[in-house]
1. Got a sec? How would Glu79, Glu118 order by Cβ neighbour count within 10 Å, fewest to most?
2. Please report, in Å, the Rg and the Dmax of the range 1-77, where both are computed over Cα atoms only.
3. Excluding same-chain residues fewer than 8 positions from Lys94, which lysines have a Cα within less than 27 Å of its Cα?
4. Could you estimate the translational diffusion coefficient of the range 84-138 from the Stokes-Einstein equation, with Rh from the Kirkwood formula over C-alpha pairs, at 25 °C and 0.890 mPa s, in whole µm²/s?
5. If we sort 95-105, 14-24 on the protection proxy, mean other Cβ atoms within 10 Å, highest first, what's the order?
6. Any aspartates and glutamates with Cα under 19 Å of the Lys8 Cα? List them, leaving off those in the same chain fewer than 8 positions away.
7. Given the convex hull over the Cα atoms of the chain, what projected area results after averaging over all orientations, in nm²?
Amino acid sequence: MNIEDDSKNLTIGGLAKQSGVGVETIRFYQRKKLLVEPVKPYGGIRRYGLTDVKRVKFIKSAQRLGFSLKEISSLLALEDGSHCSEAKDIAQLKLNSIREKIADLTRLERILDQYTKECTISEDSNISCPLISKLFND
């Protein structure tokens, strides 16, 4: 299929296949207003084009980067590409959120690492498990 060709010749199944998602994902995006549901012609079936394929792929790419559907909706509103500073602001907020999560996960890793080391030490003695004890007392 020619990339420049946006004739509406894909069924929902074809759109799903071209986009690498399931049909229910397409329907979900339509319910969430991320993807327009084409008008169904009388006696016919809805048809989609390459613009729709690109949009679904955009949504999936943004999800892989951790953007929520609400954030993706905001990014899609800027799809003409002329609002780079607004897109950057959305991305910066996501980056800050990810950095906070990483810091939290790093803190949890240190705590669990210490707890598991204490458990290893206690296995050689007759005292109760420090991990269980700490969880009960925290």
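Rule-based calculations on the coordinates, nothing more; no lab input. Everything numeric in this text was worked out from a predicted model, so none of it was measured. Quick reminder, even Gly has a Cβ in these numbers, built from the backbone with ideal geometry, and neighbours come from all protein chains shown.
1. By the 10 Å Cβ count, ascending, the order reads Glu79, Glu118.
2. 12.4, 40
3. Cα-Cα hits under 27 Å: Lys32, Lys33, Lys54, Lys57, Lys60, Lys70.
4. Numbers: Rh = 13.8 Å.
Stokes-Einstein gives a translational diffusion coefficient of 177 µm²/s.
5. 14-24, 95-105
6. Within reach: Glu37, Asp52.
7. If I average the Cα hull's projected area over directions, I get 13.8 nm².
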